[in-house]
Structures are given as C-alpha cells and as structure tokens.
Amino acid sequence: MQRHRFYAAPSSFTETTVRLDADEARHLTRVLRLGSGAQVFVFDGEGVEHECEVARVAKHEVDLNLLRRLDDVVESPLQLTLAQALIKGDKFDWVIQKATELGATRIFPLVTEHSDIKRVKGRVKGRVKGRAEGRAEERAGQRLQRWRRISLEALKQCGRRRLVEICEPAPFDEFCGSAARGACLIFSERGGGSLAEVSAKLREFNQLSLCVASEGGWSEHELRKAASFGFTPVSLGSRILRTETAAIVAVSLAQHLFGDLR
C-alpha cells in the first residue's frame, strides 16, 4: 500500500492534531483526492513523524488527528555536508534530489573560479544596473526556493524526517571559513589518497564535509585555500567522472564508510 507523506512545520502541531498548509492541503485533496477518514503520515522536518487520520477538509487547509508517533530510525548518524560547485541546467537539481535521498544534512552550492554559473557582478551603471541586479536577485531567490522544494519532495519519497539545509550559493573561500567543524574532504583529479585510505585515519567523528568541483576542476588558489584550512585531498580513482556523478559517488561512499549505508 502506498504511503502518503506530508510536511507540516512544528508550530502546526498540537498534542493531538496537526494542520496542513495550503500547498500540502491542495496536494492531499486535489491531487491525491483524499478525504475525511483517510490514513496518512505527517513529519515536522525536525525528526518527528506521526501516522494521522484526516479529520476536516477545507478549501485551503486540512486538519488531521494524530494516531501514533513513529519510532523507527531513518536518519543517518553522520552530519554530512555536500559542497557542490554550481552547474548548469537541471544537473544541480538532480544532485539536490539524490543527495537528499542519500542522507545529506546540508547542501552548500559553491561559486568557484571554474564553475559554470557565476554571481552577477556589478558591471552595469546607474538605473540599468539596479534593474539588472534586481532581476538577478529575484532569479537567485526563485532558484533557491526550487532547490528546497526538490529536496522536500525527495524527503517525502525516501522516508526521511529532517529537512535538508539548502544554503545560498557562496564563494569557495566563504565555505572554507564555515566548515571548521569535523573532517573536510576535497575531491580532486590532481591527486590525493583514496577514500578508503583517508577513512582509516578518521575516527570518532560524526561531521563530514565533501567538496566537489565543477567540470573545470579547482583553481590553484582554491586548492591552496583548502590546504590552508586543513582539507584532505581525495581521489575517486583513475576514471574522470562528471561533476554530478562525482557528487553522488562521494556521498554514497561517505555514508557507506561513516554513516548508515552499509
């Protein structure tokens, strides 16, 4: 039997009920065509999920009664950050979806020197500059919201209960400054040990960051910056992988070695 799962913010829960917002209510009533008495599941994005029964259906909201709290473990014990260089088209969307399914905790889109997508630089003057920057900000906001929707849908599909943190795109240097806790691995075709060799030296930690470049690879400046912050260079073998493939391989291997994908 298919399991219908919905998301509701923690503030939407009481001790005995939960209310779905307009988007989730619309999906329940108009897409799935469920009504009063239907059995569904609702999670709060912070690790809690309940089996519920639809109690009241309105135009823009649905109320459900909480039947039981689920107590099985579905989240990896590994706090895993994927720092992925931006890539064009729907490839980054695909990385968001698959990394979510594989248990990533945080996804940090990187603006690197060789990445396919760059931040808009202030090269236009006056009023035209303001309009151009405004449109760029709007597109960036829409892109971030799309990534978060993709991640949420992946959460529903795979059974996870904690929202993935999707960060705003930022330069690699900025990420280096925010990734001080836990081990940080940078994947490069220019050398480095195998993940198996590196993993043998990593003990007693539950936080890991993985850095994956775009098709153009890392610049010399970025490699020096990573080294200065203590990042460990890692190779994924002799074959050259596309960046989206490398990202998923890296996350999968990390979960196998340090998480719950065993």
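Counting only residues that are assigned to a helix (DSSP H, G or I) and of a type in the set (A, V, I, L, M), which one in region 1-42 is surrounded by the fewest Cβ atoms within 10 Å (Cβ to Cβ)? Give the derivation first.
The first filter runs over region 1-42 and keeps only residues assigned to a helix (DSSP H, G or I), leaving 10-12, 22-31.
Filter once more, so that each one left must be of a type in the set (A, V, I, L, M): 22, 25, 28, 31.
On the way: Ala22: 12, Ala25: 19, Leu28: 21, Val31: 8.
In this case the residue turns out to be Val31.
Per-residue answers, yes or no, for (1) over 23 Å from Val111 (Cβ atoms); (2) at pLDDT 95 or above; (3) in contact with a Phe, Trp or Tyr (Cβ under 9 Å, 6 or more places away or on another chain); (4) open to solvent by 10 Å² or more (accessible area, probe 1.4 Å):
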{"position": "Lys201", "(1), (2), (3), (4)": "yes, no, no, yes"}
{"position": "Asn206", "(1), (2), (3), (4)": "yes, no, yes, yes"}
{"position": "Cys211", "(1), (2), (3), (4)": "no, yes, yes, no"}
{"position": "Gly217", "(1), (2), (3), (4)": "no, no, no, no"}
{"position": "Leu236", "(1), (2), (3), (4)": "no, no, yes, yes"}
{"position": "Ala247", "(1), (2), (3), (4)": "no, yes, yes, no"}
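Report every pair of residues separated by at least 6 positions or lying on different chains whose Cβ atoms are under 9 Å apart, first residue within region 101-114 and touching a residue at least 12 places away in the same chain (Cβ under 8 Å) and over 23 Å from Gln157 (Cβ atoms), second open to solvent by less than 40 Å² (accessible area, probe 1.4 Å) and acidic (Asp, Glu).
Filtered contacts from region 101-114: Thr112/Glu222; Glu113/Glu222; His114/Glu222.
Of the numbered conditions (1) open to solvent by 40 Å² or more (accessible area, probe 1.4 Å); (2) touching a Lys or Arg at 6+ places or on another chain (Cβ under 6 Å), Cys176 fails exactly one; give the number of that condition.
It fails just one condition, (1).
Just one of (1) over 14 Å from the mean Cα position of the chain (by Cα); (2) buried (at least 18 other Cβ atoms within 10 Å of the Cβ) trips up Glu61, so point out which.
All conditions pass for Glu61, except number (2).
Filter region 78-105 down to the residues that are open to solvent by less than 40 Å² (accessible area, probe 1.4 Å), of a type in the set (A, V, I, L, M, F, W, C) and part of a helix (DSSP H, G or I), then identify the one that is farthest from Ser252 (Cα to Cα).
Phe92
Considering only residues of region 114-151 that are at pLDDT 95 or above and either over 27 Å from Gln255 (Cβ atoms) or open to solvent by 60 Å² or more (accessible area, probe 1.4 Å) (or both), which is nearest to the chain's Cα centre (by Cα)?
Arg148
Against the conditions (1) out of contact with any Lys or Arg (no Cβ under 9 Å at 6 or more places or on another chain); (2) at pLDDT below 85; (3) small (Gly, Ala, Ser), where does Ser188 fall short? Just the number, please.
Of everything listed in (1) out of contact with any Lys or Arg (no Cβ under 9 Å at 6 or more places or on another chain); (2) at pLDDT below 85; (3) small (Gly, Ala, Ser), Ser188 misses just condition (2).
With the condition being over 21 Å from the mean Cα position of the chain (by Cα) and β-branched (Val, Ile, Thr), I'd like the strands (runs of 3 or more DSSP E) fully within region 176-256 carrying at least 2 qualifying residues. Give the steps one after another, and end with the answer.
Working: elements: 183-187, 207-212, 232-235.
By residue number, 232-235.
Residues to consider are Leu78, Leu67, Leu82, Leu86; find the one that is over 30 Å from Ile186 (Cα atoms) and among the hydrophobic types (A, V, I, L, M, F, W, C).
Leu67
The values are calculated or read from the model by the stated rules, or taken from the named source; none is laboratory data. Computed from a predicted structure; not experimentally measured. Virtual Cβ from ideal backbone geometry, glycine too; neighbours counted across all protein chains shown. The area values use the complete protein model at the heavy-atom level, side chains included, leaving out ligands, DNA and RNA. Shrake-Rupley method; radii C 1.70, N 1.55, O 1.52, S 1.80 Å.
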